[in-house]
Amino acid sequence: MKTAETIKEVRKIVNQWRKEGLTVGLVPTMGFLHEGHESLMKRSLEENDRTVVSIFVNPMQFGKSEDLDSYPRDFEKDSCICQNAGVNLIFHPASEEMYPAQFFTYTDMDILTESLCGSKRPGHFRGVCTVVSKLFHIVSPDRAYFGQKDAQQLAVIKKMVQDLNFDLEVVGCPTVREADGLAKSSRNTYLSPEERKAAGILHQALECARQAISNGEQDIAKLRSDMVQMIESEPLAGIDYVELVDGETLQPLKTLEKPALIAVAVKFGKTRLIDNYIWE
Ligand code: PAF
């Protein structure tokens, strides 16, 4: 496995692979890798001849009052995880490599970024779209892998690829969960033992909604209020949003139609966790 810190090095390696006729998969990450990331790497390794993992905590997608400085980082451990998984190349750029002084160009999107996390984290998706489009230009992958836990991010990136004619396939991979159903996330490490226990409520609420829908419940207001009530029964949980939206446009649903995205964002202390269930 190689590690590259510059765009030039990545291009040189990928160009050589291209000359050899090899296909390339990209797994974009912000590091502090867990089993969720490993499942993306595994899928990429199965579907491509070579796999690149980018590890870059992207400052542009963090708001001023968010956790950029405290975001967990452990490059040595990440490197071992990639090596053991069979990854071919880690791209680990410094901030100045991705955003040199005098950086003025951004990738942005309307509509899909206006609901859910987009409405709570202004500028977040502009940062995500900008860094992901840069990574796509740098690596030129055949396929890129993202987790379904970040359902809005996945929908936004799929649309960006379609709208801007990137010549690659975006592959969404299932959420990997802890034994109690909590979605794996680098931010879970912020939780105190009490908050960690309480955070199980996220999956329980989504599971109740899933069961209610499969038992024929169609009333969106009721589905939403039952979830709110359940999450509010947990004293350590502070709801940021509980929404039922169209799975493609991410606009609020008037009637329950497939694909529907049931998305929640809940704070436990200072830690904001997201999760979702896709009815399709
Ligand atoms: O999902 C993430 O870890 C990040 O948003 C991504 C896609 C790597 C862009 O920085």
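Starting from the stretch 31-110, pick out the trypsin sites (Lys or Arg not before Pro) whose DSSP state is loop and whose Cβ has at most 12 other Cβ atoms within 10 Å.
K64
Determine the sum of side-chain charges near G269: Lys and Arg each +1, Asp and Glu each -1, restricted to other residues whose C-beta is under 10 angstrom from that of G269.
Summing Lys and Arg as +1 and Asp and Glu as -1 gives +1.
Treating the stretch 1-150 as a set of equal point scatterers at the Cα positions, no solvent, please give the Debye-formula log₁₀ I(q)/I(0) at q = 0.11 Å⁻¹.
-0.43
With Kirkwood's inverse mean 1/r over C-alpha pairs for Rh, give me the Rg to Rh ratio of the stretch 4-60, two decimals please.
1.00
Springs between alpha-carbon atoms under 10 Å, Gaussian network over the chain: tell me which of Q229, Q251, Q83 tops the mean-square fluctuations.
Maximum fluctuation in the GNM of the chain, among the listed residues, is at Q229.
In square nanometres and to one decimal, what's the mean projected area of the convex hull around the Cα atoms of the stretch 170-280?
Dividing the Cα hull surface by four gives the mean projection, 7.2 nm².
Let me check against my output: what whole-number percent is the relative contact order of the stretch 41-190, with C-alpha pairs under 8 Å and at least 6 apart?
Taking the mean separation of contacting Cα pairs over the length of the stretch 41-190, I get 24 percent.
Expressed as a rounded percentage, what relative contact order does the chain have, with Cα pairs under 8 Å and six or more residues apart?
17
Please give the Cα centre distance for the stretch 185-236 versus the stretch 53-111, rounded to the nearest Å.
What the calculation gives is 30 Å, centre to centre.
Could you list which residues have their amide H under 5 Å from that of R177, counting only those 5 or more apart in sequence or on another chain, with H placed in the peptide plane?
K184
In a solvent-free Debye calculation with one equal scatterer on each Cα, what is log10 I(q)/I(0) for the stretch 115-185 at q = 0.16, 0.17 Å⁻¹, listed in the order of the q values?
The computed values of log10 I(q)/I(0) come out as -0.62, -0.69.
For T51, which sequence-distant residues (separation of 5 or more, or a different chain) have an amide H within less than 5 Å of its own amide H, given hydrogens modelled in the peptide plane?
G25, N88, L89
Please build a GNM for the chain, connecting alpha carbons under 10 Å apart, and tell me which residue among S186, S95, S54 fluctuates the most.
Of S186, S95, S54, the Gaussian network model singles out S95 as fluctuating most.
Suppose every K and R has +1 on its Cβ and every D and E has -1 on its Cβ; what is the size of the dipole of the chain about the Cα centre, in Debye to the nearest 20?
480
Looking at the stretch 1-99, which GluC sites (Glu not before Pro) are in a loop (DSSP not H, G, I, E or B) and have at most 11 other Cβ atoms within 10 Å?
E20
Using only Cα atoms and rounding to the nearest 10 degrees, what angle (0 to 90) does helix 220-232 make with the longest principal axis of the chain?
Result, in degrees: 80.
Of all DSSP beta bridges in the chain, what percent run antiparallel (nearest 5)?
So the antiparallel bridges amount to about 50 percent of the total.
Run the reach check for K120 against lysines, Cα to Cα strictly under 20 Å, same-chain hits fewer than 8 apart removed. What comes back?
The qualifying lysines are K64, K149, K267, K270.
With angles folded into 0 to 90 degrees, how steeply does helix 201-214 sit against the dominant principal axis of the chain? Use alpha carbons for both and round to 10.
Orientation of helix 201-214: about 70 degrees from the principal axis.
What list of ³J(HN,Hα) values in whole Hz, one per residue of the stretch 266-279 in order, does the Karplus curve 6.51 cos²θ - 1.76 cosθ + 1.60 (θ = phi - 60°) give from phi, with Gly and Pro shown as x?
Working through the residues one at a time gives 9, 9, 10, x, 8, 8, 9, 10, 10, 7, 7, 10, 9, 8 Hz.
Contact order normalised by length for the stretch 1-118, with contacts defined as Cα pairs under 8 Å and 6 or more residues apart; what percent is it?
35
Taking every pair of alpha-carbon atoms in the chain, give the share separated by more than 24 Å as a whole percent.
So the portion of pairs separated by more than 24 Å is 51 percent.
Tell me, what ³J(HN,Hα) does each residue in the stretch 127-132 have, in order and in whole Hz, if you take phi through Karplus 6.51 cos²θ - 1.76 cosθ + 1.60 with θ = phi - 60° and put x for Gly and Pro?
x, 5, 4, 5, 5, 5
Read the figures in this text as sums done on the coordinates, not as results from a lab. As the structure is a prediction and not an experimental result, all values here were calculated from the model. When we count neighbours, we look across all protein chains shown, and the Cβ atoms used for this are built from the backbone with ideal geometry, even at glycine.
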